[in-house]
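The values are calculated or read from the model by the stated rules, or taken from the named source; none is laboratory data. Please read these numbers as outputs of a predicted model, since none were measured by experiment. FYI the Cβ positions are ideal-geometry reconstructions off the backbone, even for glycines, and counts take in every protein chain you see. Surface accessibility is based on the protein's heavy atoms, side chains included, excluding ligands, DNA and RNA. Shrake-Rupley method; radii C 1.70, N 1.55, O 1.52, S 1.80 Å.
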Amino acid sequence: MSQDTPQVSFNRVMLKISGEALMGDLGYGLHPPTVERIAREVQSVHSLGVEICMVIGGGNIFRGLQGSAQGMERTTADYMGMLATVMNALAMQSALEGLGIHTRVISAITMNEVAEPYIRRRAVRHLEKKRVCIFAAGTGNPYFTTDTAATLRANEMSCEAIFKGTKVDGVYDKDPAKFDDAKRYDMVSYDDVLQKRLGVMDASAIALARDNNLPIIVFSLDEPGGFQGILAGQGTYTRVG
């Protein structure tokens, strides 16, 4: 490694991003330049030799909770949301492979024509071969969010941390977009996140991370070079642990 290459303290990580992160300035769907920009962020970390798992939400296409709120059966709405995450995973795979990074989409719902089924040992082998693994279709079960899926897969893959890329540079005590006096935490405990309802992830994801002592690092995806910098301990972020 050259002198100016940041030293990273992680060997295997989970990157969780929302579906909305892929929208760019659009109100719906995928914005290809934004997908490519995020792919470049992943490439910058991959080039340091870090093994990368990804989970992408589906909110830019369909959100199960909103569907069920409009009278659709919750399980059906959730399955539609899972299919949305597969579409996002394929888009990210295309962008990453365009940059020369071997990528596998691994779906919790079997659809052999477009994605591999989830087999833990096979997924671990992909990571050892420095392929990026994108876990799609959530956990394969309704009533579980992609946050829970990311935490579950991070535990199964023995990831050392979950990096949650959001629109803001950490966890705040209230919404910084609405309140000027919102304070950012540098460090916050799992129990505080649950008690104060800080909205980092849903409660089941936080509890699963807490029970397995898996740190969650919340940072802004909008900052260029953010992911690589955060891995090296630079920049602004909040660590949940």
**OP:** Given the options GLY100, GLY64, GLY170, state which has the largest fluctuation in a GNM of the chain using a 10 Å cut-off (strictly under) for Cα springs.
**Re:** GLY100
**OP:** Sort largest first and round to whole Å: the equivalent ellipsoid semi-axes of the stretch 127-241, each the square root of five times a Cα gyration tensor eigenvalue.
**Re:** 23, 18, 13
**OP:** Would you work out what percent of the accessible area of the chain, with all protein chains in place, is carbon or sulfur (probe 1.4 Å)?
**Re:** 49 percent
Original post:
Considering the stretch 100-152, what Rg and Dmax in Å follow from its alpha-carbon atoms?
Top reply: 11.2, 36
**OP:** With an 8 Å cut-off on Cα pairs and a minimum separation of 6 or more residues, tell me the relative contact order of the stretch 30-176 in percent.
**Re:** 25 percent
Subject >> Estimated distance in nm for a label pair at THR110 and ASP191, the labels positioned 7 Å out from Cα along Cα-to-Cβ >> reply: 4.4 nm
Original post:
Computed from these coordinates, which is Cα extents along the principal axes in Å: [x] 62, 39, 27; [y] 53, 44, 37; [z] 46, 39, 36?
Top reply: [y]
Original post:
Largest first, how would VAL8, VAL13 line up by accessible area (1.4 Å probe)?
Top reply: VAL8, VAL13
Subject >> Residue-normalised accessible area of the stretch 4-138, expressed per residue, 1.4 Å probe, Å² >> reply: 46 Å²
Original post:
Just LYS183, LYS164, LYS16 to compare: in a GNM of the chain, with alpha carbon springs under 10 Å, which one fluctuates most?
Top reply: LYS183
